[in-house]
Amino acid sequence: MRRTVIAGNWKMNMTPDATRAFITELAPMVEGMNKCDIVLCVPYVDIGPAVDAARGTNIHIGAENVHFAKSGAYTGEISAQMLCAVGTEYVIVGHSERRQYFGETDTTVNLRAKAALDAGLKVILCLGDVKEERLAGITDEVVRMQTKLDLAGIDAEQLKSVIIAYEPVWAIGTGLTATPEQADETCGVIRHAIAELYGEEAAEEITIQYGGSMNDQNAEELLSKVNVDGGLIGGASLKCDKFTAIVTAAN
Ligand code: PGA
């Protein structure tokens, strides 16, 4: 049985002090909710404080990006080794905001994913269609292509440490959510692409999240879909009560 994973993506929000306070508040609220894995992906400066605050709880800590080199002349970047050194377990790669605003391509996303997996991190690989692609009816082709390009050179063993997050770009931060049927269908297309690459068993086992304006109101219905194995949550992960409600829905 594949795991349901509820992951927060804090984006560029929260200071170290706010991080400690948030996790101290959240931990008792989600205690014992073990039918899903709970992850908070936080800004680099918050990782250390988050790891400390989450110690002994069922909350796991991730980063929001990672560079593909181990070290070197890459001003402003952070390597997988650095993330591991401060206790990071997960990392998001390929988020649409990185692709849109920071020029990331399937090639760099693939390099970042491989570097993270080589270092022993679990990867939350984001992909998804933009509005024009959805309107043109080419969503399936787009996500199939992204799945194959972003996973190039990642073997079946490493795939066990990969979670895919289907995030329609038109739904991120817009308040527009994919319908549960759209989310289910497109996560299913991604699962089918995984089957082509790695076989049926791997496709059955991989966790595929939905992301894009998931909140305490719509989580239960989205998560009830057979191909939706969790959520990557932006805005609603910044509020303890809303995030807890989504974790509760997953449980
Ligand atoms: P949102 O963000 O929940 O605020 O739409 C989701 C994401 O970007 O991962």
Note to self: Please verify whether Ala18 is open to solvent by less than 60 Å² (accessible area, probe 1.4 Å) and more than 25 Å from Asp229 (Cα to Cα), treating the condition exactly as stated.
What the structure shows: yes
Next item on the list: Could you pull out the residue among Thr186, Thr105, Thr179 that is more than 14 Å from the chain's Cα centre (by Cα), free of Cβ contacts under 8 Å to residues at least 12 places away in the same chain and within 16 Å of the ligand (Cβ to nearest atom)?
Entry: Thr179
Next item on the list: Could you run through region 196-227 and say how many residues are under 22 Å from Lys11 (Cβ atoms) and not in a helix (DSSP H, G or I)?
Entry: 12
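Residue by residue through region 208-228, note down the ones that are open to solvent by 10 Å² or more (accessible area, probe 1.4 Å) and either aliphatic (A, V, I, L, M) or within 22 Å of Val30 (Cβ to Cβ) (or both).
Of the residues in region 208-228, the ones open to solvent by 10 Å² or more (accessible area, probe 1.4 Å) are 213, 215-218, 220-221, 223-227.
Ser213, Asn215, Asp216, Gln217, Asn218, Glu220, Glu221, Leu223, Ser224, Val226, listed by residue number.
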Margin query: Checking the structure you have, find out if any residue of region 214-226 is in contact with a Pro (Cβ under 9 Å, 6 or more places away or on another chain), more than 16 Å from the ligand (Cβ to nearest atom), within 17 Å of Met1 (Cα to Cα) and among the small types (Gly, Ala, Ser).
Written below: yes
Margin query: Being free of Cβ contacts under 8 Å to residues at least 60 places away in the same chain, open to solvent by 20 Å² or more (accessible area, probe 1.4 Å) and in contact with a helix residue (DSSP H, G or I) (Cβ under 6 Å, 6 or more places away or on another chain) is the requirement here; does Asp150 meet it?
Written below: no
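Being open to solvent by 30 Å² or more (accessible area, probe 1.4 Å) and either touching a residue at least 12 places away in the same chain (Cβ under 8 Å) or not in a helix (DSSP H, G or I) (or both) is the filter here, so list the residues in region 91-102 that pass it. Full working, then the answer.
If we filter region 91-102 for residues that are open to solvent by 30 Å² or more (accessible area, probe 1.4 Å), which is where we start, we get 97-102.
Correct list: Glu97, Arg98, Gln100, Phe102.
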Notebook entry, point to check: Of the numbered conditions (1) more than 16 Å from the ligand (Cβ to nearest atom); (2) in contact with a helix residue (DSSP H, G or I) (Cβ under 8 Å, 6 or more places away or on another chain); (3) free of Cβ contacts under 8 Å to residues at least 12 places away in the same chain; (4) not basic (Lys, Arg), Asp46 satisfies every one except a single condition; which is it?
Noted result: (3)
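The values are calculated or read from the model by the stated rules, or taken from the named source; none is laboratory data. It should be emphasised that the depicted structure is a prediction, and the values quoted were computed from it without experimental measurement. All Cβ positions, glycine included, derive from the backbone under ideal geometry; neighbour counts span all protein chains shown. Side chains included, ligands, DNA and RNA excluded: accessible areas come from the protein's heavy atoms. Shrake-Rupley method; radii C 1.70, N 1.55, O 1.52, S 1.80 Å.
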